[in-house]
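The values are calculated or read from the model by the stated rules, or taken from the named source; none is laboratory data. Every value quoted in this text rests on a predicted model; they were computed, and no experiment measured them. Every residue, glycine as well, gets a Cβ built from its backbone with ideal geometry; the counts of neighbours run over all protein chains shown. All accessible areas refer to the heavy atoms of the entire protein, side chains included, with ligands and DNA or RNA removed. Shrake-Rupley method; radii C 1.70, N 1.55, O 1.52, S 1.80 Å.
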Amino acid sequence: MWKAVKYLPKDLLETSEMTREYYGESWVSDPGFLKWQYEDNPAGPAVIQLARDLDTNQLAGQNVVIPMRFKTDNRPMNGTLCLNILTREAFCGQGIFTGLAEPVYQDCIEQGLEFCYAFPNPNSYPGFIRKLGFTDLGSVPLLLRPLNPKALVQKKLGSLLAPLALPFHLLFRVKEPSNDRYEVYPLSALNLSELNAFWTKIQHKYPIMGIRDADYLRWRYFDIPLRDYQIYGVRHKNSSTLLGYIVGRCTEVDAMASGMIVDFLIDPSHPATGSLLVNRLLRFFVDNKMDLAGSLMMPHTEEARILKANRFFTCPKALEPQPFRVVYRRFKPALGDENAKMSVKVNEKEENNGDSFLQLNHWFLTMGDYDVI
């Protein structure tokens with residue numbers, strides 16, 4: 001038997017050991033990474049419930065959400081992203097997955113957090129839908145662009161067929177565009193001063209967006225341990241006003257050297273900046289010998305159209321490493337106090353008008369909105 005207990009910072013090393021046992025040696029089990037993820041988030045500390053064995057006091061599992069700040073058409077909202085759920089093998093079948101979820105969600109309600117979303121893997125997806133009351137919103141398309149067609153064909157079909165890819169090298173060659181109006185430049189933790197003004201200007205571009213201000217980007221891409229991101233901004237020449245940014249990371253996906261576009265957002269009044277950012281990041285990927293570029297991007301967005309104009313295409317479902325499903329649950333507070341009553345009234349009003357969160361084409365989502373890349 002087990003009991004649910006709230007996570008405390010002193011539990012970090014013990015949870016790290018349990019996570020290492022479950023996932024092996026990786027970023028997700030590194031204490032420094034978990035401290036960054038659980039304790040340093042500018043939106044607030046993680047909400048975590050642990051399962052402890054009643055006889056041995058050993059950790060048996062965990063349920064974790066981290067706060068995420070969102071902008072909606074009506075108001076700012078504080079939501080959560082679900083991640084790092086696990087049950088130790090010896091305790092499987094004891095209801096830990098579902099038993100820890102409701103205490104986590106109740107803690108979220110008490111802290112004013114209003115909803116949860118997740119990108120579940122195929123193993124955990126049924127539990128979210130059937131047991132935890134989440135709604136499947138659909139999938140975010142994976143967009144791909146070959147950078148080294150010969151290497152891709154060789155890895156998938158063998159070296160004898162690699163020469164067949166040579167005609168595609170010209171098609172997918174990364175261009176070196178020039179523009180007399182704009183310049184692309186590296187963004188660092190020291191030159192994010194224009195980001196808040198940029199966010200204020202474009203925050204209503206899409207109905208539902210995770211807040212992308214300087215505090216968030218600094219935490220997500222610069223303070224993060226064990227990962228390196230390449231980040232570019234774009235501006236008018238002889239101006240400091242930020243007009244867009246793009247974030248990339250070199251990694252390996254399905255044994256292929258892959259450059260992933262983790263986040264990408266531009267000022268809609270300057271559409272020409274999008275291709276400049278994309279091409280600059282693709283050149284970085286090529287220089288670092290990436291064979292393939294990829295991005296998660298909602299098809300209704302301007303950024304998706306820019307990627308497709310730069311020879312990105314939607315990955316066939318049969319070739320996806322996994323479906324990128326999005327699931328969502330709105331919390332409903334108990335009527336315990338006036339704040340809770342007010343929150344319920346707001347939720348009821350939104351539900352009566354149709355919860356816009358249930359429409360995936362209202363969201364702006366990228367790889368930066370979850371934790372895997």
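Annotations
- MRE, 222 nm, helices only [DSSP H, n ≥ 4, -39500 (n - 2.57), over the chain, to nearest 500]: -8500 deg cm²/dmol
- Stretchable slack from Lys35 to Thr98, in nm (0.36 nm times residue separation minus alpha-carbon distance): 20.2 nm
- Listed residues Asn196, Asn238, Asn63, most fluctuating in the chain (Gaussian network, C-alpha, under 10 Å): Asn238
- Pairs from Lys35/Lys131; Lys150/Lys175; Lys71/Lys332; Lys35/Lys201; Lys71/Lys317 whose Cα-Cα separation, in the structure shown, is over 27 Å: Lys35/Lys131; Lys35/Lys201; Lys71/Lys317
- The peptide list 254-260, 77-83, put in order of mean Cβ contacts within 10 Å with the highest first, becomes 77-83, 254-260.
- Value of relative contact order over segment 1-93, rounded to a whole percent, pairs C-alpha under 8 Å and six or more apart: 26 percent
- For the chain, the solvent-accessible area of protein heavy atoms averages 46 Å² per residue (probe radius 1.4 Å; ligands and nucleic acids excluded).
- Computed in the context of the full set of protein chains, the accessible area of the chain at 1.4 Å probe radius has 52% of its extent on carbon or sulfur.
- Once the convex hull of all Cα atoms in the chain is built, its volume per residue stands at 151 Å³.
- Approximating the spin labels as points 7 Å out from Cα along Cα→Cβ, the Lys289-to-Lys10 distance works out to 4.9 nm.
- Using the Cβ-Cβ distance between Asn196 and Gln58 with R0 = 51 Å, the FRET efficiency computed as 1/(1 + (r/R0)^6) comes to roughly 0.65.
- Between Gln322 and Leu226, the modelled label-to-label distance comes to 1.6 nm, taking each label 7 Å out from Cα in the direction of the beta carbon.
- Cα gyration tensor shape for segment 1-147, rounded if a/c is under 1.5, else prolate or oblate: rounded
- Remark: spin-label model distance His204-Tyr23 equals 3.9 nm, labels positioned 7 Å along the Cα→Cβ axis.
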